[in-house]
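The values are calculated or read from the model by the stated rules, or taken from the named source; none is laboratory data. Source: prediction; values computed, not measured. All Cβ positions, glycine included, derive from the backbone under ideal geometry; neighbour counts span all protein chains shown. Protein only, heavy atoms only, side chains kept; ligands, DNA and RNA dropped before computing areas. Shrake-Rupley method; radii C 1.70, N 1.55, O 1.52, S 1.80 Å.
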Amino acid sequence: MNDMTPVTTTLKDWETDQEVRWCPGCGDYAILKAVQRTLPQLGCDPAKTVFVSGIGCSSRFPYYVESYGFHTIHGRAPAFVTGIKLANPELDVWMVTGDGDGMSIGGNHTMHILRRNIDVQILLFNNEIYGLTKGQYSPTSRIGTKSPSTPAGSIDRPAQPCAFALGSGARFVARGFDVSKNLPDVLKAAHAHRGAAFVEIFQNCIVYNKDVFNDFAAPKGAEENQLWLENGQPMLFAKGTKGLARDVEAMTLKVVDVIDGDWEAAGVMIHDVKNRTLAHMLVELPFGPFPMALGVIYDDPRPAYDAVVSEDLARAREGKKPDLAALLAKGQTWTVSGTAQDPI
Amino acid sequence: MASATSPSSAGTTEAVVVRFAGDSGDGMQLTGGQFTLSTALAGNDLATFPDFPAEIRAPQGTLFGVSAFQINFGSTAIETAGDAPDVLVAMNPAALKVNVAALKPGGLIIADTGEFTKRNLEKAKYDENPLENGSLAKWDLLAFDISALTLEAVKPFGLGNKEALRCKNMWTLGLALWMFDRPRDPIHDWLKAKFAKSPVLAEANIAALDAGHAYGETAELTGPLKQVHVEPVVSEPGLYRTITGAEAISLGLVAGAQLADLPMFFGGYPITPASAILHHLARLKEFNVQTFQAEDEIAAICAAIGASYAGQLGVTSSSGPGIALKGEAMGLAIMTELPLIIVNSQRGGPSTGLPTKTEQSDLYQAIYGRNGDAPLPVIAARSPGDAFDCAIEACRIAVQYMTPVMLLTDGYIANAAEPWKVPDPASYAPFPVKFLTEKNAKNADGTDELLPFARDEKGARPWIKPGTPGLMHRIGGIEKAQGTGHIDYSPANHQAMTDARKDKIDGVANSIPDQDVCLGNQSGKLVLVGWGSTFGPIHQAVRRARKNGLDVSHVHVRHVWPLPKNLGPLLKGFENVLVPEMNTGQFKTVLRDQYLVDAQPLTKTSGQPFAIAEIEDAIEKFFDDIPGNEGGEVAVNETQLPSPEAINP
């Protein structure tokens, strides 16, 4: 996100007068509150903030944030964001999408906004189901998901949003979940990153895919399975009794027990947000044998496309007075003198 | 084109049609382009028609690899690339086979015997050499070894055989310059600039050009080759240049953005024949033009809408298949009432169709091709030069009415060149945009309120840039409440908003000029109603028919949606309405629907523009049939001007 003068606001300032229309108990409420709580802490200015979304339950988000908002079409939010940021790189843009919107119909655009590295916070709400169209399995649904369109269980393999993001060239990848108290910290890190910041937020669809993330995201009792990553800190979980260490032989990671808090002796790795290889391993860890890697997985900025384009344009225009008349008369010309003649 | 004297009879003539044809790799488009420039500099009016295959490098010598460039030039107004060529330059047997049937009887064939080898004759599916078996008897034939003459001319420069033969097109151009009494200096200058990095190639090409020219002078006595002089056209005084439709649209968009006082954002994705616009605009950064090559057609329009939302003039451009992909996003721009220009360089369809050939078959798509009641204004350019004014008009309507506007051009206009009187930008009335900067309404309690969907006298809503303090609001594709723009699905509101969107676009007709009759009387027996690139052939056909005493007029519609307010009454002043168009009768249907007039179609979908004679014949047939003219479709006789495809198996 760009340099800006911090503005003092409260949570109330970021609430619209519109009735929120998600199902009661939907994880989206928690995410909305987390965002609305975070924005004042970041000193964001509602007049310079734009929320852009595609289509789906998550994409109703802009209507509930008192800022500029654009609810666009299915899967295409990244393209709108690109146009907005190229037209005005000063705007602070948040993009809200879902697993169907961002990984299926809009997968191509997700790839390209990450590859180009547009300066935007991308929040992908992953509930592993199509909610707004009443419960069909989605590109992130696990094999065997029973849904109206897969009554015998789904067969195709799920996409992994964070792995996809890294593969597309993302320079910031993070994970959180709807009711996590750590979500605001993840959002702040995303906001601090200049360039495309990709955040996968696991979200509980209580109507069509209830509690599917309970193994690591249940309000109580799932902490054991959460690995909250912190740059420069050992990768510990289960209250510090376990950690991730290098499995040199297999060129991957392994879970090790930590005795009496001596993580060094156990060989636990220190998390490095600039280690791209480590990031690839963390987003691919199979849940079950491994905990769910959460927090900032990767954060290694590169120049944002919109900033580079804007400098390039400014350079091209520097000291030049655009002369349209000269442009029109460019190339080889000739002059006709004499009188006009009516062709008929 | 007035009746031309064959250039094989020396002297002065009014107009000439020359077609250069060769292999895709022979540089025929380049030759044609430079001949066009020298013709323009000589003061003739002209029109060109580049006709090339979709394949980038089709196999050498094949029928489908033939690339042709036709130019019609003269001392009177020229509005088409001409029907039948007077001169055909055939660089190989395939070029001869594909193009010779179109040549005017008595016309001149110039052929390179060096390429009429057994192998090339086989590739062109000739059983025997047509240059030797008398099959070309109805034309004048000038066959000689251009390849050998070129090799001889460039010998001093020590080029390899392949490189040396590449100079053949310049040799041919040199001969053509001699034939029509054109100066060589501009081509010399151009070659020096083009080959600035390898002066030896520049020198070799100049030598080839000069040799071709000298050959003309010395061969004068020996055969059918004669020098022909075409007087300069008497045209309006001023500064002129040649311009293609793609150039004119690009420049018109730049001018339009300046008149609106906005930066321009252009989102595009490569597609033939629309890409040329992206290429032109990509070089104009200093005019506050930003081009963005998107990942696909959809992203291109969505980014343009995003830029419009952020306060720039969003533009996107494509051809039929790409326009189809953009349809949903156009609906969003209509729903959110944001300005946007969509340029459609039409080509033959459906699906991939004929990527490099011309057609006008996207009219329904332009006017009707979206889900829901989704009206938008549609403007069609009639010629390369006209495309400049049309682009400005599209910008004006888009920002004044807060609406996407579709600008229709086609493959013919995009690639064809014509002389263009360079306009003075100061002669166009500016239409600067005023963004909303403060709340625009009052609540019941007297406090200020923002109504993003309040409407002005044109029915347009305010344009509000994100970043403006105090005016935060949300827009989107869901139906919005009148005024506030909040989500509102209620029946009465949807009715009211649908009506408001329709009324707004209908109201665009209040800001466009009345439809004129561009040739002929304001009422009478027959009117030909055209739109887009058929202007040239219709106009010339009507002119000829009128000279023959027929009561026929020409009306050419720029604003195809909404239509000019007087068009209905105007058409009702004619007993008969004939609509020539390069599709199966789309505008005819629109006119019938709008005015209940008995419009009759004259259609052509061969990928080639109308020949003047095809329309002239239809007019004559029409008058022959009166009385007892029962209407019915007037079919074009395709045998008059066979396309390369018709010959190519």
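Selection over the stretch B:291-333 of residues that are open to solvent by 10 Å² or more (accessible area, probe 1.4 Å) and at the interface with chain A (Cβ under 7 Å from one of its Cβ atoms) gives a count of 5.
Residues in the stretch B:469-498 that are open to solvent by less than 20 Å² (accessible area, probe 1.4 Å) and part of a loop (DSSP other than H, G, I, E, B): B:LEU471, B:HIS473, B:GLU479, B:ALA481, B:GLY485.
Here the condition is being over 13 Å from B:VAL18 (Cβ atoms) and at pLDDT 95 or above; of B:ALA54, B:ALA58, B:ALA95, B:ALA77, it holds for B:ALA95 alone.
Highlighted here are the strands (runs of 3 or more DSSP E) found entirely within the stretch A:249-344 that include at least 2 residues which are open to solvent by 70 Å² or more (accessible area, probe 1.4 Å) and farther than 30 Å from B:ALA260 by Cβ: A:252-257. Each residue in the stretch A:174-210 was checked for being within 21 Å of A:MET103 (Cβ to Cβ) and touching a Ser or Thr at 6+ places or on another chain (Cβ under 6 Å), and 1 pass. Applying the criterion of at least 1 residues that are more than 20 Å from B:THR48 (Cα to Cα) to the helices (runs of 4 or more DSSP H) found wholly in the stretch B:354-431 leaves B:363-368, B:384-401. If you go through the stretch B:177-224 and keep only what is closer than 19 Å to B:PHE35 by Cα and in contact with a Ser or Thr (Cβ under 7 Å, 6 or more places away or on another chain), you end up with B:LEU177, B:ARG182, B:PRO183, B:PRO186, B:ILE187, B:ALA208, B:GLY212.
Could you go through the stretch B:236-259 and let me know if any residue there is at the interface with chain A (Cβ under 9 Å from one of its Cβ atoms), under 19 Å from B:ALA310 (Cα atoms) and open to solvent by less than 20 Å² (accessible area, probe 1.4 Å). Yes.
Quick check on B:VAL529: is it of a type outside the set (S, T, N, Q), open to solvent by less than 70 Å² (accessible area, probe 1.4 Å), within 14 Å of chain A (Cβ to nearest Cβ) and closer than 30 Å to B:GLY585 by Cβ? No; evaluated as a whole, the condition is false for this residue. One residue stands out in the stretch A:65-90 among those that are surrounded by fewer than 24 Cβ atoms within 10 Å (Cβ to Cβ) and not polar (S, T, N, Q): the one that is farthest from the other protein chains (Cβ to nearest Cβ), namely A:PRO89. With respect to being more than 7 Å from chain A (Cβ to nearest Cβ), assigned to a strand (DSSP E or B) and either more than 22 Å from the chain's Cα centre (by Cα) or buried (at least 22 other Cβ atoms within 10 Å of the Cβ) (or both), B:PHE266 fits the description. Only one entry of A:ILE122, A:ILE105 meets the criterion of being within 14 Å of chain B (Cβ to nearest Cβ), closer than 27 Å to A:PHE213 by Cα and under 19 Å from the mean Cα position of the chain (by Cα), and that entry is A:ILE105. When the stretch B:308-322 is filtered for residues that are in a helix (DSSP H, G or I) and under 19 Å from B:ILE271 (Cα atoms), the ones remaining, listed by number, are B:GLY320, B:PRO321, B:GLY322.
Residues considered: B:LEU325, B:LEU278. Of these, the only one that is assigned to a helix (DSSP H, G or I) and within 18 Å of B:ILE392 (Cα to Cα) is B:LEU278. Within the stretch B:347-359, is there a residue that is touching a strand residue (DSSP E or B) at 6+ places or on another chain (Cβ under 7 Å), among the polar types (S, T, N, Q), away from chain A (no Cβ under 14 Å) and crowded, with 19+ Cβ neighbours inside 10 Å? Yes, some residue in the stretch B:347-359 is touching a strand residue (DSSP E or B) at 6+ places or on another chain (Cβ under 7 Å), among the polar types (S, T, N, Q), away from chain A (no Cβ under 14 Å) and crowded, with 19+ Cβ neighbours inside 10 Å. The residues listed here are B:GLY134, B:GLY114; of these, the one that is open to solvent by less than 60 Å² (accessible area, probe 1.4 Å) and either under 22 Å from B:GLN29 (Cβ atoms) or among the charged types (D, E, K, R) (or both) is B:GLY114.
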